[in-house]
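Trainee: Got a structure for you, questions after.
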Amino acid sequence: MIAVYDAAGQAVGAADRAAVYRDGLWHASAGVLVRSGDGERIYVHRRTDTKMVFAGLHDCLAGGVIDPGESPEETAVREVAEELGITLTSADALRPAAKVAWDGEWQGRPMRCHLFAFELRYDGPIRHQVEEIADGWWWTDAELRAHLADPDWPFVPDTRVLVGDLLT
């Protein structure tokens, strides 16, 4: 079960994840842009080919959908631990970075998501959750921008909408 939202960004209930994706229901996700401690590099990763949504695409946010009763900050802390092995004791280390409502399409079906993005400065170890992350590396903002300039580069579409607000 994941939280269901309305178009204005308010949580209104819960539904099975498959039903949310099948029916194009508004939902929300939280993602964390992990920057090196000096702010010079961003951690970019490729999603596994077995993910339910955006399989095999690249992303610069470690994140996931918001569970019923969970805040975006709580989701961000949970997801960065699950996907990258970065354990935070609270959301205090996270800086709110951007928010967008994405009313798009995935595999011929509507996909509607409120995306909450946070930034974390971090120089410690990264351990991928093998079910979700296939590979990862550090890039400068310029390197990521160069790849994003290619509209055919396989990048997660909802993150693509707000990534300009995240780069320096």
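Trainee: Could you go through segment 87-96 and let me know if any residue there is out of contact with any His (no Cβ under 7 Å at 6 or more places or on another chain) and within 22 Å of V53 (Cβ to Cβ).
Mentor: no
Trainee: Still on this structure, please answer the following. Any idea how many residues of segment 99-129 are in contact with a strand residue (DSSP E or B) (Cβ under 7 Å, 6 or more places away or on another chain) and either hydrophobic (A, V, I, L, M, F, W, C) or at positive phi (or both)? Give the derivation first.
Mentor: So in segment 99-129, the residues in contact with a strand residue (DSSP E or B) (Cβ under 7 Å, 6 or more places away or on another chain) come out as 99-105, 111-122, 126, 128.
Retained after the next criterion (residues that are either hydrophobic (A, V, I, L, M, F, W, C) or at positive phi (or both)): 100-102, 111, 113, 115-118, 120, 126.
Total meeting the criteria: 11.
Trainee: May I ask you to list the residues in segment 75-92 that are open to solvent by 60 Å² or more (accessible area, probe 1.4 Å) and either among the small types (G, A, S) or farther than 13 Å from G31 by Cβ (or both)?
Mentor: Hits for segment 75-92 are T87, T89, D92.
Trainee: Continuing with the same structure: Among the numbered criteria (1) touching a strand residue (DSSP E or B) at 6+ places or on another chain (Cβ under 8 Å); (2) open to solvent by 70 Å² or more (accessible area, probe 1.4 Å); (3) of a type in the set (D, E); (4) not in a loop (DSSP other than H, G, I, E, B), which single criterion is violated by D49?
Mentor: Among (1) touching a strand residue (DSSP E or B) at 6+ places or on another chain (Cβ under 8 Å); (2) open to solvent by 70 Å² or more (accessible area, probe 1.4 Å); (3) of a type in the set (D, E); (4) not in a loop (DSSP other than H, G, I, E, B), D49 violates only (4).
Trainee: Report, by residue number, each residue of segment 58-98 that is free of Cβ contacts under 8 Å to residues at least 24 places away in the same chain and touching a strand residue (DSSP E or B) at 6+ places or on another chain (Cβ under 7 Å).
Mentor: Matches in segment 58-98: P96 only.
Trainee: In this structure, is R95 open to solvent by 30 Å² or more (accessible area, probe 1.4 Å), modelled with pLDDT of 95 or more, in contact with an Asp or Glu (Cβ under 6 Å, 6 or more places away or on another chain) and not polar (S, T, N, Q)?
Mentor: Numbers: open to solvent by 30 Å² or more (accessible area, probe 1.4 Å): yes; modelled with pLDDT of 95 or more: yes; in contact with an Asp or Glu (Cβ under 6 Å, 6 or more places away or on another chain): yes; not polar (S, T, N, Q): yes.
For R95, the condition - open to solvent by 30 Å² or more (accessible area, probe 1.4 Å), modelled with pLDDT of 95 or more, in contact with an Asp or Glu (Cβ under 6 Å, 6 or more places away or on another chain) and not polar (S, T, N, Q) - is met.
Trainee: Taking the stated definitions as given, is G136 open to solvent by less than 30 Å² (accessible area, probe 1.4 Å), farther than 24 Å from V20 by Cβ, among the small types (G, A, S) and in contact with a helix residue (DSSP H, G or I) (Cβ under 9 Å, 6 or more places away or on another chain)?
Mentor: Yes.
Trainee: Return the residues of segment 18-43 that are loosely packed, with under 14 Cβ neighbours inside 10 Å and of a type in the set (K, R); say none if nothing qualifies. Lay out the reasoning, then the answer.
Mentor: Looking only at segment 18-43, we keep the residues that are loosely packed, with under 14 Cβ neighbours inside 10 Å, and these are 18-19, 22-23, 37-40.
Of everything in segment 18-43, just one residue is loosely packed, with under 14 Cβ neighbours inside 10 Å and of a type in the set (K, R), namely R22.
Trainee: Okay, next question. Checking D165 against (1) over 19 Å from G56 (Cα atoms); (2) of a type in the set (D, E); (3) open to solvent by 20 Å² or more (accessible area, probe 1.4 Å); (4) modelled with pLDDT of 95 or more, which test does it fail?
Mentor: (4)
The values are calculated or read from the model by the stated rules, or taken from the named source; none is laboratory data. Quick caveat: nothing in here was measured; it's all calculated off a predicted structure. Please note: Cβ atoms are built from the backbone with ideal geometry, for glycine as well, and neighbour counts cover all protein chains shown. Heads up: the accessible areas ignore ligands, DNA and RNA and are worked out on the full protein's heavy atoms, side chains in. Shrake-Rupley method; radii C 1.70, N 1.55, O 1.52, S 1.80 Å.
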